[in-house]
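Since the structure comes first, as structure tokens, the remarks are kept for the end.
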Amino acid sequence: VVGSLLRQGPGPFITRLTSSDEYEQAVLKYMASENCSRIEAQANMDAYFANAADWAYQKMAEKKGAPKVDYNKIKTKDIALALVWAFFITPFLARTGYLIVVTGSWDVSFNQIFDF
């Protein structure tokens, strides 16, 4: 599950958590049609759920002779971005939303956000 988050971000990760049966069926179908390993199928389905149009375009290009993309490779940049979102941006947005709801006002300051 964490691999989905690190490979393609929160979209496929959330899909995998909220629609696990559909995700699993997509992985099994891809494994059967492409005769590949489970990890390769999961990586491809993560890429598909992150951006279906780009994934489909890349698959068509591969059929025409373009180099095959390794969706299983986790880049250092992607790990850093996922960690920044997980530990900084998401909590910041959640705290801001919480304060807006609790105070009933959009007038929220940085001091309020960072004052626990």
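Worth a mention:
- Choice from 43, 86, 66 showing the highest fluctuation, given a GNM over the chain with Cα pairs closer than 10 Å: 66
- Taking all protein chains as they are arranged and a probe of 1.4 Å, the heavy atoms of residue 75 leave approximately 110 Å² accessible to solvent.
- To the nearest ten degrees, helix 52-63 and the longest principal axis of the Cα atoms of the chain are 20 degrees apart.
- The phi torsions of the range 23-29, fed into the Karplus equation with coefficients 6.51, -1.76 and 1.60 and a -60° offset, translate into couplings of 4, 4, 5, 5, 5, 4, 5 Hz, rounded to whole numbers, with Gly and Pro shown as x.
- Quick note on the range 21-88: its Rg to Rh ratio, both from C-alpha atoms and Rh being the Kirkwood radius, is 1.02.
- For the chain, the Cα-based Rg and Dmax, in that order, read 18.7, 58 Å.
- Taking the chain as a Gaussian network of alpha-carbon nodes connected by springs under 10 Å, the highest mean-square fluctuation of the residues 45, 60, 31 belongs to 60.
- GNM result for the chain, Cα springs below 10 Å: residue of 41, 26, 94 fluctuating most strongly: 94
- Rounded accessible area of residue 22 (nearest 10 Å², 1.4 Å probe): 120 Å²
- Against the chain, whose longest principal axis comes from its Cα atoms, helix 38-50 is set at around 50 degrees.
- Ligands, DNA and RNA are left out, and with a 1.4 angstrom probe the accessible area of the chain is 70 Å² per residue.
- Among 102, 57, 82 the positive-end extreme of the charge dipole of the range 44-116 (Cβ point charges): 57
The values are calculated or read from the model by the stated rules, or taken from the named source; none is laboratory data. What you see is a predicted model; the values in this text were computed from it and never measured. Reconstructed Cβ throughout: ideal geometry from the backbone, glycine too, with neighbour counts over all protein chains shown. The accessibility values were calculated without ligands, DNA or RNA, using every heavy atom of the protein model including side chains. Shrake-Rupley method; radii C 1.70, N 1.55, O 1.52, S 1.80 Å.
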